[in-house]
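Working notes, structure below.
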Amino acid sequence: MGMGVTADLDMLVQAAKETKKVQERLAIQGALSAKQGDWESQSFDLQSRLETKASELQTLAQGTIASELADCFTGQAADSAVAYLAEWPQADFSSLIRA
């Protein structure tokens, strides 16, 4: 009869260990899910700021710099500088945060 009790206790200890592992996994998954939401929010905010900066950079290139270069050059050189900057593509800044 003593062996049966020992075997039952061993099974209970093993079941308790497995239950503890499952609880730990669930706690980790919950923490990761919460962080995932934070990362997604940060990624969205950062991407929005990067797009704003890219737009500001394009405005600077096509407006301020083009105007200043046009003042520095004359004739075809001035026209070419302004035309070149007018076609300047907007920078594509992508957030490094991958949610």
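Coordinate-derived values only; no laboratory data. Just so we're clear, the structure is a prediction, and the values are computed from it rather than from any experiment. Cβ sites come from the backbone with ideal geometry, for glycine too, and all protein chains shown count toward neighbours.
Tell me which of 36, 82, 58 sits at the most positive position along the dipole axis of the range 16-86, charges placed on C-beta atoms (Lys, Arg +1; Asp, Glu -1).
Comparing the listed Cα positions along the dipole, 36 ranks first.
For the residue pair residue 53 and residue 6, what label-to-label distance in nm results when each label sits 7 Å from Cα along the Cα-to-beta-carbon direction?
6.8
Mean separation of Cα pairs under 8 Å and 6+ residues apart, divided by the residue count of the chain: what relative contact order is that in percent?
Relative CO of the chain lands at 35 percent.
Can you tell me the orientation of helix 2-59 relative to the chain, as the angle in degrees between its alpha-carbon axis and the longest Cα principal axis, to the nearest 10?
10
Specify the angular offset, from 0 to 90 degrees and rounded to the nearest 10, of the alpha carbon long axis of helix 75-86 from the longest principal axis of the alpha carbons in the chain.
20
Karplus couplings for the range 62-71 from phi (6.51 cos²θ - 1.76 cosθ + 1.60, θ = phi - 60°), rounded to Hz, Gly and Pro as x?
7, x, 4, 5, 4, 5, 5, 5, 4, 6
Could you list which residues have their amide H under 5 Å from that of residue 73, counting only those 5 or more apart in sequence or on another chain, with H placed in the peptide plane?
none
What do the square roots of 5 times the Cα gyration tensor eigenvalues come to for the chain, in whole Å, largest first, as semi-axes of the equivalent ellipsoid?
Whole-Å semi-axes of the equivalent ellipsoid: 69, 10, 6.
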